1. What are the pairs with Cβ atoms under 7 angstrom where one residue, in segment 46-67, is farther than 22 Å from T151 by Cβ and the other, located anywhere, is small (G, A, S) and outside any loop (DSSP other than H, G, I, E, B)? Sequence gap at least six, or different chains.
2. All but one of (1) away from the ligand (no atom under 16 Å from the Cβ); (2) over 24 Å from D51 (Cα atoms); (3) assigned to a loop (DSSP other than H, G, I, E, B) hold for Y123; state the number of the condition that does not hold.
3. Would segment 122-132 turn up any residue that is closer than 16 Å to G177 by Cβ, surrounded by 23 or more Cβ atoms within 10 Å (Cβ to Cβ) and at pLDDT 95 or above?
4. When I175 is evaluated against the numbered criteria (1) of a type outside the set (D, E); (2) modelled with pLDDT of 95 or more; (3) touching a strand residue (DSSP E or B) at 6+ places or on another chain (Cβ under 9 Å), which criterion, by number, is the only one it fails?
5. Looking at (1) crowded, with 21+ Cβ neighbours inside 10 Å; (2) among the small types (G, A, S); (3) over 30 Å from A439 (Cβ atoms), can you tell me which one S299 breaks?
6. Name the residues in segment 259-286 that are basic (K, R) and surrounded by 14 or more Cβ atoms within 10 Å (Cβ to Cβ), would you?
7. List, please: which pairs have Cβ atoms under 7 Å, are six or more places apart or on different chains, and start with a residue in segment 86-108 that is open to solvent by 10 Å² or more (accessible area, probe 1.4 Å) and in a strand (DSSP E or B) and end with one that is at pLDDT 95 or above and among the aliphatic types (A, V, I, L, M)?
8. Only residues that are surrounded by fewer than 21 Cβ atoms within 10 Å (Cβ to Cβ) and either part of a helix (DSSP H, G or I) or without any contact (Cβ under 8 Å) to a residue 12 or more places away in the chain (or both): list them for segment 320-338, please.
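The values are calculated or read from the model by the stated rules, or taken from the named source; none is laboratory data. What you see is a predicted model, and the numbers here were worked out from it, not measured in a lab. Positions of Cβ are generated from backbone atoms using ideal geometry, with glycine treated the same way; all protein chains shown enter the neighbour counts. Side chains included, ligands, DNA and RNA excluded: accessible areas come from the protein's heavy atoms. Shrake-Rupley method; radii C 1.70, N 1.55, O 1.52, S 1.80 Å.
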Amino acid sequence: MFKKFAPLVTLFLAALVASPVYAQQSNVDALKAQAVAEIDRQQTFTQQMVDQIFSYSELGFQEFETTRYLTALLEKNGFRVDRGVAGIPTAWVATYGTGKPVIVFITDVDCIPRASQKPGVAYHDPIIAGAPGHGEGHNSGMAVNMTAALTLKKLMEQQHIAGTIKLVPGIAEEILGSKAFFVRAGLFKDVDLVLGAHVDAEFSTAYGTGNGEWSGLVSVQYFFHGKAAHAASSPWDGRSALDAVELMDTGWDFRREHLRLTQRSHRVIINGGDQPNVVPSEAAVWYYFREMDYPHIRSLYDLGNAIAESAAKMTETTVDHRLVGSAWPPFFNKVIAEVQHKNIEAVGMPSWSDADQTLAKALQKEIGAKVEGLKTKVEPLAEPVAKPSGGGSDDVGDISWNVPMVYLLYPANIPNLPGHNWTDAVAMATPIAHKGSTAGAKVQAMTALDFLLRPELVQQAWDYFRNVQTKDVHYESFLEAGDKPVIEMNKEKMEKFIPELKKYYYDPSRYKTYLEQLGIQYPTVKPQ
Ligand SMILES: [Zn+2]
């Protein structure tokens, strides 16, 4: 029976191969295989980038070494670089290619205050005590995106593929400080899609509001101005700006009971006066107001302003405020996420060594977290949760409401860590981060190839963006005309540590890895 039909089957297969759809798909698959092979060959390049940026450890808006390093590397590789975009000295856009589609790769580059930590060591052991460090893992993102972009450039040249590839850094993401300004400056105006990447312990992507653990926010500083006086001999002549800060905080905390359960707000006092015998003429407090959508964030912002004004009235001081960051809650594109998830499944989790797992488990044990080592499985693409609960924020949210976008989470860190902490830096210049970044680069390149070679997918992504995502919700920036990026933020903090940090910058011409340069035995764990 099979014999009888064999000629027919052959005929059918021949027709299939000759059909444009099949040829196109097999071409995409062949190019993806080439991209994966090339990224495997680039593992040393990827590792060096991860280690180099880890060693720079630069806070938001002060990413000068990181920027110098990345832009030089991109220019050397034939990308055109525009520096100082959106009025931010450390921001840039790198471009290769011409025509449509225009695909932007974005990922953050800044680090966390006080998170300095020796990589590969499963207990607190800072490289420089008190210094900034990559306690979130943003040092790996550019290794992911650049490895992918350079690989794509190679393939686009060889195969004469039309399209434009752009790279953009997430500057000062930890203070939600740049991306609303990028949008305002028109960086995404003619862009077709945005492929963001962020370090994680798992390998995943999402669409819509995803797992619901995102909030949007405004980040606002309130500056109170009073009148100095001798605090003992003539306090009646003084008006305390610190009193106003404390009254604002008390007022906010009473009001908190009457806010929606989805709000999250927190503050730090950034100026509490100089010394007790001087009535503080200047004091300042910094608030994050988080909610689930634009109108509710806006109303928290208005309430904050009203409470600040009231505190000023009570104390006969004056107050002004400035917005230092803002973020819409992200919303990701279903069409791109589905394409991307297939690529995640095809790449699969990195194969972790015993040393990798030993480090992960020892760190989890050290901090009292659930001891389960590194993730070894890719989970299926989940439907967005019905009732988002809110959580942290990311200013990619603003981009996601202007262009179809997804956010790849690539597996370069250890699960069950607290975030924004030295623990989150432990894996970030070790084989865990290196392998995770290589895996992430593969998915970024493969997903870009899908959209470069199949224009109908770009159209479908935009259909979802226009007809589903933005059907009833329209982007409105939190920025007002006078708002400017706070580019002087972190300057003093960074300058204090640069001379020390410089001694530890990674030198790949002398050491294969940063672990080797620091003389760290991998993994270093307490006797179990
Ligand atoms: Zn981040």
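1. As it stands, the answer is S57/G133, since those pairs meet every condition given.
2. Answer for Y123: the failing condition is (2).
3. Keep residues of segment 122-132 that are closer than 16 Å to G177 by Cβ, which gives 132.
Pick out the ones that are also surrounded by 23 or more Cβ atoms within 10 Å (Cβ to Cβ) and you get 132.
Pick out the ones that are also at pLDDT 95 or above and you get 132.
Yes, segment 122-132 contains at least one residue that is closer than 16 Å to G177 by Cβ, surrounded by 23 or more Cβ atoms within 10 Å (Cβ to Cβ) and at pLDDT 95 or above.
4. (2)
5. Failing condition for S299: (1).
6. In the first step, residues of segment 259-286 are kept if they are basic (K, R); the result is 260, 264, 267.
Across segment 259-286, the qualifying residues are R264, R267.
7. V93/V85; V93/V168; V93/L187; Y96/I165; G97/M156; G97/I165; V102/V191
8. Residue satisfying the conditions is E338 alone.
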